[in-house]
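The structure appears below as structure tokens.
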Amino acid sequence: MKLHFDIALSHLRGRQRQTIVSLFGVVLGVGFFLAVSGLMRGSERDLIERLVDTAPHIRVSDEFRDPRPQPARTLYPEGAVAIRGVKPRSERRGIRQYKQKLATIDAIRGVQAAPLLVSQAIFSFAGQDEAVTLSGIMPARMIGVSAIENDITAGRLDAIDANPNGIIIGEALARKLSLAMNDTVSVVSPVGNVRTMKIVGLFATGNSGYDESQTFAQLTRVQALMNRPDVANLIIVRLDDAYRAQDVARTIETATGYKSVSWQESSKDLLDALTVRNIIMYSVVGAILLVACFGIYNVISTVVLEKTRDIAILKSMGFHAGDIRRIFVIEGALIGVAGSALGVAVGSLMMRGVQRIEIKPPGSVESISLPIYWGWDQFLLAAAFAILSAVFAAWLPARKGGRVQPVDILRGAA
Amino acid sequence: MSILRAEKLTRKLTGEVPVTLVADADVEISRGEFVVIQGPSGSGKSSLLYLLGLLDRPTSGRVLLDGEDTSGFDEDRMAQLRLEKLGFVFQFHFLLNEFSAVDNVMMPMRRLAKLSPAQQRERALQLLHDLGLEGQEYKRPSQLSGGQRQRVAIARALANDPVIVLADEPTGALDSKSSDNVRSILRALATEQHRSIIAVTHDANFASVADRRIEIVDGRIVPPPTSTASATP
């Protein structure tokens, strides 16, 4: 192998300029591959992390995935039953016996759950009315399930336990209505109940839409305000391992009967779009590398052509066709390996440069650095793809070199 | 005892105009014999040499090397035989320009890998010294004269201790002094080392030191004159 390596290296040294150009192609190919892939995967992971961190992993709502079967269908499962003009029974909305359901969910390993009563309300302050979403929560449970505690900028989440008339609102809403900590505001429920509540906390998630419309109060207080005592219409669930959400959601749905939606299901369209984006991204960066490998094909084809006489001599000495192929494949692999190594360094620099760029995403109030994924797997993928492409690009002329018949060349040279 | 025997060797090129390069050639070479192949240009001398050297396959007939029939061998087996038993010298030195003289000589040894790297280098240096190339070992072919290059090529041909050295116009591109030198070397290889030498040549001086001449015309070996005929004035 050392012999083949030495001959391969001598060929590449003999065509330094062409070798450097094709090497440069691979370096740039790998560099751009890493920069684009790092950025794309970084933004993908950032998005998923935001999804996973800010939203519950599973939402159990007071809905059913499929309409409940009609009694006639249950009674005659094999019968030809036709039912028309069905009027759904008016039922009290909410999760029935939510405390029992909560206990069932709590029994699942690695799971934390919090009940909510989510409703609409009107904030009335200084002559201004603002429609908001009012969520009744249990702060002790909410802390383990939602990231809202981390976004509190004034007061504490459990202040609504200490003061049952306390309410926590977003900073954006406070700015809009000129509200401040300890101010009082009139809250009107859809059933017409009015209660004066005191601002005991402010939060800022960075999502302006959420910060302007979401408010939190004690669960029992909201139940009273909405005339829905002992009712929750949503259970949010957080898992130790967010990627178990689909399985756990199925388990919860089977156990409770209520529609349980994992974050993957609720973001399916987004995740599918990310998959499509990844396919496009890898196609483009893969194409860049393939184009770079045409350079390798070019240089090795030229070397094969130039070294036909040497090939004939080596074969006359007793080198096998496989030896000749190996020499030229090693040439491609050498360019691939050297190009990958340098490309990884160049790619890392490009990634570092991209990471320094700060942008302000729409709907966000803070500037963020462009997210970059630094996982070793993409470095491995880029290097492996470059080396394999280089070997493939070299294989075609190498095969041609292996087929050289020494007699044809020696006759011509004589 | 023949080291190489060819029976009814025929080599035809197919194409729009079929050409017969060699026809029904019977050749027998003994160990330590120095044989030259002579004939006019285009008569099939080199083609016969390539067939005998297992570089080309006959259209019909067979070549037996050291008693082994090579007709059914695949390319790799033929290459292995060339590596182990045959050495080639061509009109042009055909050295690898990127490597030094000693590296060129080591090339077949490295491929065969029977000796350790140190032994390979030692043998290569010894061969170069034996051929009068002391002090030239680490020069590249471009830094050597024509005669020196050809001697490096001979050293390379001898690297794996071949039983037969095949030479195609080995003095064709050399001046008379270098030609004499190469001729003496090949002669000594046959006489002193009992290697068989088969050389194609136009050079009468070169041919004069051979043990036997094979005359070829239009691809056919001309039978040697009988003793009666040669006695006729």
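The values are calculated or read from the model by the stated rules, or taken from the named source; none is laboratory data. Everything quoted here is computed from the prediction, not taken from an experiment. Reconstructed Cβ throughout: ideal geometry from the backbone, glycine too, with neighbour counts over all protein chains shown. Protein only, heavy atoms only, side chains kept; ligands, DNA and RNA dropped before computing areas. Shrake-Rupley method; radii C 1.70, N 1.55, O 1.52, S 1.80 Å.
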Item to check | Pairwise label distance in nanometres, A:Val21 with A:Asp183, each label 7 Å out on the Cα-Cβ vector | outcome: 7.0
Checklist outcome for this item: At the level of C-alpha centres, the distance separating region B:8-73 and region A:19-78, in angstrom, is 70
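Counting only protein chains, not ligands or nucleic acids, how are A:Asp323, A:Asp377 ordered by accessible area (probe 1.4 Å), most first? Intermediate results must be reported in sequence, preceding the final value.
On the way: A:Asp323 5, A:Asp377 50 Å².
Final ranking, largest accessible area leading: A:Asp377, A:Asp323.
Equivalent-ellipsoid semi-axes (√(5λ), Cα gyration tensor) for region A:266-316, whole Å, largest first? Don't skip to the answer; put the middle values down first.
Details: eigenvalues 431, 19, 3 Å².
The equivalent ellipsoid of region A:266-316 has semi-axes of 46, 10, 4 Å.
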Next on the checklist: Along the Cα→Cβ direction, 7 angstrom out, place labels at A:Ala273 and A:Asn298. What is the inter-label distance in nm?
Outcome noted: 3.9
Checklist outcome for this item: Calc'd 3J(HN,Hα), region A:151-162, phi into Karplus 6.51 cos²θ - 1.76 cosθ + 1.60 (θ = phi - 60°), Hz, glycine/Pro = x, comes to 9, 5, 9, 8, x, 9, 5, 7, 5, 6, 6, 5
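So between A:Arg73 and A:Met1, what do we pick up on full extension, going 0.36 nm a residue minus the alpha carbon distance?
Result for the pair: 18.3 nm of gain on full extension.
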Checklist outcome for this item: Exposed-loop cut sites defined as GluC sites (Glu not before Pro) in DSSP loop states with at most 14 other Cβ within 10 angstrom; longest site-free run of chain A spans A:92-365
Checklist outcome for this item: Computed for B with A: buried accessible area summed over both chains, 1.4 Å probe, rounded to 100 Å², at 2400
Checklist entry - P(r) of region A:308-414 in 5 Å steps, Cα pairs, percent per bin? => result 2, 12, 14, 12, 10, 9, 8, 7, 6, 5, 4, 3, 3, 2, 1, 0
Checklist outcome for this item: Listed by chain and number, the residues whose amide H is under 5 Å from that of B:Val89, excluding neighbours fewer than 5 places away on the same chain and using placed H, are B:Leu166, B:Ala167, B:Asp168
Checklist outcome for this item: Under the 7 Å Cα-to-Cβ spin-label approximation, A:Asn163 and B:Ser142 lie apart by a distance in nanometres of 9.0
Checklist entry - What FRET efficiency comes out for the pair A:Arg92/A:Thr54, r = Cβ-Cβ distance, R0 = 30 Å, nearest 0.05? => result 0.45
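Please work out how much length the chain gains when fully extended from A:Thr254 to A:Asn193, using 0.36 nm per residue of separation minus the C-alpha to C-alpha distance, in nm with one decimal.
Working: separation 61, 0.36 × 61 = 21.96 nm, distance 3.65 nm.
Length gained, A:Thr254 through A:Asn193: 18.3 nm.
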Item to check | Calculated from backbone phi, Karplus (6.51, -1.76, 1.60) coupling profile of region A:217-228 in Hz, x at Gly/Pro | outcome: 9, 5, 4, 5, 5, 5, 4, 5, 5, 8, 6, 10
Next on the checklist: Please list, by residue number, every one of the trypsin sites (Lys or Arg not before Pro) in region B:97-167 that is coil in DSSP and has at most 13 other beta-carbon atoms within 10 Å.
Outcome noted: B:Lys114
Item to check | Solvent-free Debye scattering, log10 I(q)/I(0), computed from the Cα coordinates of region B:69-116 at q = 0.19, 0.30, 0.31 Å⁻¹ | outcome: -0.76, -1.16, -1.17
Item to check | Spatial separation of Cα centroids for region A:345-402 and region A:270-319, in angstrom | outcome: 18
Next on the checklist: Going by amide H atoms built from the backbone, whose H comes under 5 Å of the H on B:Val222, apart from near neighbours?
Outcome noted: B:Glu215, B:Ile216, B:Val217
Checklist outcome for this item: One finds the C-alpha centres of region B:164-227 and region A:86-137 to be spaced, in Å, by 106
Item to check | Per-residue SASA entry for A:Phe392, accessible area with 1.4 Å probe, Å² rounded to 10 | outcome: 130
Checklist entry - Once amide H atoms are placed 1.01 Å from N in the peptide plane, what residues at a sequence separation of 5 or more from B:Phe34, or on another chain, have their amide H within under 5 Å of its amide H? => result B:Ile197, B:Asp211, B:Arg212
Checklist outcome for this item: Given a Förster distance of 45 Å, the FRET efficiency implied by the Cβ-Cβ spacing of A:Asp129 and A:Ile359, rounded to the nearest 0.05, works out to 0.80
Checklist entry - If you take the beta carbon distance between B:Val217 and A:Ala345 as r and set R0 to 56 Å, what does 1/(1 + (r/R0)^6) give as a FRET efficiency, to the nearest 0.05? => result 0.25
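Using only DSSP helix segments of four residues or longer, with each worth -39500 (n - 2.57), what per-residue ellipticity at 222 nm results for the protein assembly as shown after dividing by its residue count and rounding to 500?
Working: 24 runs with 317 residues, N = 647.
Helices in the protein assembly as shown give a 222 nm mean residue ellipticity of -15500 deg cm²/dmol.
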Checklist outcome for this item: In Å, the C-alpha Rg and Dmax of the protein assembly as shown are 43.9, 145
Checklist entry - From the phi of every residue in region A:321-337, what ³J(HN,Hα) in whole Hz does the Karplus formula 6.51 cos²θ - 1.76 cosθ + 1.60 yield, where θ is phi - 60° and glycine or proline is x? => result 4, x, 4, 5, 4, 4, 4, 6, 5, 4, 4, x, 5, 4, 5, x, 5
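Using a 1.4 angstrom probe, figure out how much accessible area region A:1-74 has per residue, in square angstrom, rounded to the nearest whole.
Details: 4070 Å² over 74 residues.
Per residue, region A:1-74 has an accessible area of 55 Å².
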Checklist outcome for this item: Carbon plus sulfur, as percent of the 1.4 Å-probe accessible area of chain A, comes to 57
